[in-house]
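Undergrad: Here you go, one structure.
The values are calculated or read from the model by the stated rules, or taken from the named source; none is laboratory data. Please read all numbers here as calculations on a predicted model, not as lab measurements. FYI the Cβ positions are ideal-geometry reconstructions off the backbone, even for glycines, and counts take in every protein chain you see.
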Amino acid sequence: MKQRSVPHLLLLPFPAQGHINPMLKLAELLSQAGFSITFLNTDHNHERLTASPRLRFQTISDGLPPDHPRSGPLLQDIFFSTQLVTKPLFRDLLLSFPQDLPVTGIIADGIMSFAIDVAQDLGIPIFIFRTFSACCLWAYRCIPKLIEAGDLPFEGHDDMDRPIKSVPGMETLLRRRDLPSICRLKDLENPVLQFFVYETFNIARASGLILNTFDDLEAPILSHIGPHFPQLYTIGPIHTLLKTRQGDTQPTDASNGSLWEEDRSCMAWLESRPFKSVLYVSFGSLVVVTRDELLEFWYGLVNSGKPFLWVVRQDLIAGNDGKGEIPAELEGGTKERGCMVGWAPQEEVLAHPAVGGFLTHSGWNSTLESIIAGVPMICWPQLADQQINSRFVSEVWRNGIDMKDR
Ligand code: UDP
């Protein structure tokens, strides 16, 4: 009898931390469900990510030169380099798999939709995994409506409290300042704005759309999205799904998905803190701050009199090119009440009983992780979906406060 071959899925994440984390979890889950998985990293990220024994890792160029910083605003260069350079390489790579291991399906990130062109050309079924919130996806989908209604473009930072009524389902919720950050671009021809609109419409061509969200959280918005993306699968929050399948712990040999080295010393520091006493502070993997902003937060945290655990990435300060230079005040003064690390095991930190609040940039993974851990948020959104996520946190889900633009 002929043996049934195991379906072989290739997963293609966008090469940034907030996209790799959920895609890697999806890869682990699918592997547990019996699929053979190839996880396609960029050459640049591959060295930084711990492998997982159940997944096959391959690499591809992100199209940028090795010395490109790939951080801060420059990360957006990848939107265009992947279209130009990675797309033809992706086609070659798919054709290069041996006959006994053909790629039988693809799951690509929601802003890597060039993969749809290649997959459909080669006759390979493709699904899209959009790692942002549904509320942001819907706002992007409504950008043509916003333009038609005269809500876009708007000048600079003028009249940011003006209500926005042209996003169905959010008519009484949004102000200019709550729209995804690309809506602050004055020029409608701006390539980044055009890129996100294109990607959002293009992903409807895939066989299905997977979202890292859940109906109890975003059902009203999902009902608006549904007719535009008929094969919609809400599988979030994906980090809990992996835990549930493992009886509350991840497989010990699973990759933690981190591109930075975790400093676990903060877990011991948390152990000696009282119940719900600590403010956890992290702005995710992409946000950069000015030196003045960093010091302002520092003084606020110290003067609050509360214990705090603060993630200060090496490349957190704008213009630093990842070279460090944390102001001396911070290095010296945290001993007593504060703990500073370059990168934390965030899911574990949020689940720790000593953590009572999260000062966050409102990235979607951080928001979901905080919701699941039951930790209230103080939101300081900066870019992408963060502005709309924080509005939902403060006004719809009511599990935090929004201090945007302050
Ligand atoms: N993260 C982490 N340690 C840190 C900071 C962040 O493990 O010190 C993880 C966090 O748990 C989340 C991801 O990095 O899964 C950040 O994704 P998010 O969507 O919140 O923000 P982004 O980095 O994309 O802006």
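Undergrad: Within the group GLU329, GLU336, GLU325, which residue is at pLDDT below 95 and under 22 Å from ARG70 (Cβ atoms)?
TA: Result of the check over GLU329, GLU336, GLU325: GLU325.
Undergrad: Before we move on, is ASN212 closer than 19 Å to ILE111 by Cα, within 12 Å of the ligand (Cβ to nearest atom) and either modelled with pLDDT of 95 or more or not charged (D, E, K, R) (or both)?
TA: Criteria met by ASN212.
Undergrad: Another question about this same structure. Would you point out the residue of the stretch 278-291, among those that are within 19 Å of PRO345 (Cβ to Cβ) and away from the ligand (no atom under 14 Å from the Cβ), that is surrounded by the fewest Cβ atoms within 10 Å (Cβ to Cβ)?
TA: If we take residues in the stretch 278-291 being within 19 Å of PRO345 (Cβ to Cβ) and away from the ligand (no atom under 14 Å from the Cβ), then LEU279 is surrounded by the fewest Cβ atoms within 10 Å (Cβ to Cβ).
Undergrad: Quick check on the stretch 48-62: of everything there that is within 20 Å of the chain's Cα centre (by Cα) and charged (D, E, K, R), which residue is modelled with the lowest pLDDT?
TA: The selected residue is ARG48.
Undergrad: Which one is surrounded by the fewest Cβ atoms within 10 Å (Cβ to Cβ), of the residues in the stretch 201-220 that are in contact (Cβ under 8 Å) with a residue 40 or more places away in the chain and over 18 Å from GLN120 (Cβ atoms)?
TA: Out of the qualifying residues, it is PRO220.
Undergrad: Quickly run through the stretch 114-136 and pick out the residues that are surrounded by fewer than 23 Cβ atoms within 10 Å (Cβ to Cβ) and touching a residue at least 40 places away in the same chain (Cβ under 8 Å).
TA: Passing the criteria: ILE116, GLN120, PRO125, PHE127.
Undergrad: Restricting the search to the stretch 1-51, which residues are in a loop (DSSP other than H, G, I, E, B), more than 16 Å from the ligand (Cβ to nearest atom) and among the polar types (S, T, N, Q)?
TA: Those that are in a loop (DSSP other than H, G, I, E, B), more than 16 Å from the ligand (Cβ to nearest atom) and among the polar types (S, T, N, Q): GLN3, SER5.
Undergrad: Here's a check for you: in the stretch 258-277, which residue that is acidic (Asp, Glu) and surrounded by 14 or more Cβ atoms within 10 Å (Cβ to Cβ) is farthest from the ligand (Cβ to nearest atom)?
TA: Ranking the candidates gives ASP263 first.
Condition check ((1) buried (at least 19 other Cβ atoms within 10 Å of the Cβ); (2) modelled with pLDDT under 95; (3) in contact with a strand residue (DSSP E or B) (Cβ under 7 Å, 6 or more places away or on another chain)) across all residues:
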| residue | (1), (2), (3) |
| --- | --- |
| LEU12 | yes, no, yes |
| HIS19 | yes, no, yes |
| SER36 | no, no, yes |
| PRO73 | no, yes, no |
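Undergrad: Does LYS145 meet the test of being over 28 Å from SER366 (Cβ atoms), at pLDDT 95 or above and either of a type in the set (S, T, N, Q) or in a helix (DSSP H, G or I) (or both)?
TA: yes
Residue-by-condition table, conditions (1) at pLDDT below 95; (2) more than 16 Å from the chain's Cα centre (by Cα); (3) near the ligand (Cβ under 9 Å from one of its atoms):
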{"residue": "GLU347", "(1), (2), (3)": "no, no, yes"}
{"residue": "ALA354", "(1), (2), (3)": "no, yes, no"}
{"residue": "GLY357", "(1), (2), (3)": "no, yes, no"}
{"residue": "SER362", "(1), (2), (3)": "no, no, yes"}
{"residue": "ALA373", "(1), (2), (3)": "no, yes, no"}
{"residue": "MET377", "(1), (2), (3)": "no, yes, no"}
{"residue": "PRO381", "(1), (2), (3)": "no, no, no"}
{"residue": "ILE388", "(1), (2), (3)": "no, no, no"}
{"residue": "TRP397", "(1), (2), (3)": "no, yes, no"}
